[in-house]
1. Quick one: which of 221, 264 is in contact with a helix residue (DSSP H, G or I) (Cβ under 9 Å, 6 or more places away or on another chain), over 27 Å from residue 96 (Cβ atoms) and assigned to a strand (DSSP E or B)?
2. Would you please list the contacts, defined by Cβ atoms under 9 Å and residues six or more apart or on different chains, that run from a residue in segment 161-175 that is touching a residue at least 60 places away in the same chain (Cβ under 8 Å) to a residue that is in a helix (DSSP H, G or I) and crowded, with 18+ Cβ neighbours inside 10 Å?
3. Here is a list of conditions, (1) in contact with a strand residue (DSSP E or B) (Cβ under 7 Å, 6 or more places away or on another chain); (2) surrounded by 14 or more Cβ atoms within 10 Å (Cβ to Cβ), and residue 45 meets all of them except one; can you say which number that is?
4. Suppose we filter segment 232-255 for residues that are in contact (Cβ under 8 Å) with a residue 24 or more places away in the chain and surrounded by fewer than 14 Cβ atoms within 10 Å (Cβ to Cβ); how many remain?
5. Of 268, 258, which residue is more than 21 Å from residue 69 (Cα to Cα), without any contact (Cβ under 8 Å) to a residue 60 or more places away in the chain and either under 18 Å from the mean Cα position of the chain (by Cα) or surrounded by 24 or more Cβ atoms within 10 Å (Cβ to Cβ) (or both)?
């Protein structure tokens, strides 16, 4: 069982001819509305990848709350741990250019008022707790303690990277997933090299798996003495918004199922690539069968 403690948003997406510079207005022909939030995205991605998933988080008591939960509800994600709080639901404003690259502005809403005490009794021994970076860092930090006390593994994708001290927190993490920019940010504060190879070499050991996603170049990872690099398959990207969350969800689902680390990485890479071929962070999350089929083809 995977427990996700994280953000739940509504995404408003505008396709643009190019992304705006500071102070510039760029017009698009229309907008689309999708459920989102990195926590919800990864919960749905893990569920579509075959895992049993429960979501812990919050929405506001506004017109967006029910819509933000709709995809997870349809996919049978357990939503008993999601609370409805006074105020607004989290909102993400996303611009996507013709190449599929994006800019994102997030209003936290109810996500700013989640409480790690909601997790107590919800992380089972042998289970996995998934965390991101869109809820208050003190609650993330406390949730890691709850998970470790319960005997659960911790999967952390610190996106965005918190500004607080991270030096002691990494000890409680079983699997850390970052992109190159996030690796460089964390490395600068730890006083180590942000080069992906050096970052993995410094932090990976027998009890800590370190994964650096490399965009179209795939992924670099380490666990114990093993170093694994897997390239991404060639695709025609439509929207890269959900790629990272699809990767995390599929990787976590595979690890939770006891899949070998290298195969789990291949499934994550396959899911991330497939997610780039459709629009929307959640609607683009691929099904288990499609992930497995593409993962079999990745060399």
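Computed from the coordinates by the stated procedures, all read-outs in this text should not be read as laboratory data. Given the structure is predicted, the values throughout are model-derived calculations rather than measurements. Glycine also receives a Cβ, built like all others from the backbone with ideal geometry; neighbour counts cover every protein chain displayed.
1. Details: 264 fails: assigned to a strand (DSSP E or B).
That would be 221, the only listed residue that is in contact with a helix residue (DSSP H, G or I) (Cβ under 9 Å, 6 or more places away or on another chain), over 27 Å from residue 96 (Cβ atoms) and assigned to a strand (DSSP E or B).
2. Listed pairs, sorted by first residue: 175/251; 175/252; 175/255.
3. (1)
4. Residues of segment 232-255 that are in contact (Cβ under 8 Å) with a residue 24 or more places away in the chain, as a first pass: 232-233, 235-255.
If we keep only those that are surrounded by fewer than 14 Cβ atoms within 10 Å (Cβ to Cβ) too, we end up with 236.
Going through segment 232-255 one residue at a time, the tally reaches 1.
5. On the way: 258 fails: either under 18 Å from the mean Cα position of the chain (by Cα) or surrounded by 24 or more Cβ atoms within 10 Å (Cβ to Cβ) (or both).
Testing whether each residue is more than 21 Å from residue 69 (Cα to Cα), without any contact (Cβ under 8 Å) to a residue 60 or more places away in the chain and either under 18 Å from the mean Cα position of the chain (by Cα) or surrounded by 24 or more Cβ atoms within 10 Å (Cβ to Cβ) (or both) leaves just 268.
For every residue, the table says whether it meets (1) on the phi > 0 side of the Ramachandran plot; (2) crowded, with 21+ Cβ neighbours inside 10 Å.
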residue	(1), (2)
141	no, no
147	no, yes
151	yes, no
155	no, yes
166	no, no
175	no, yes
188	no, no
195	no, no
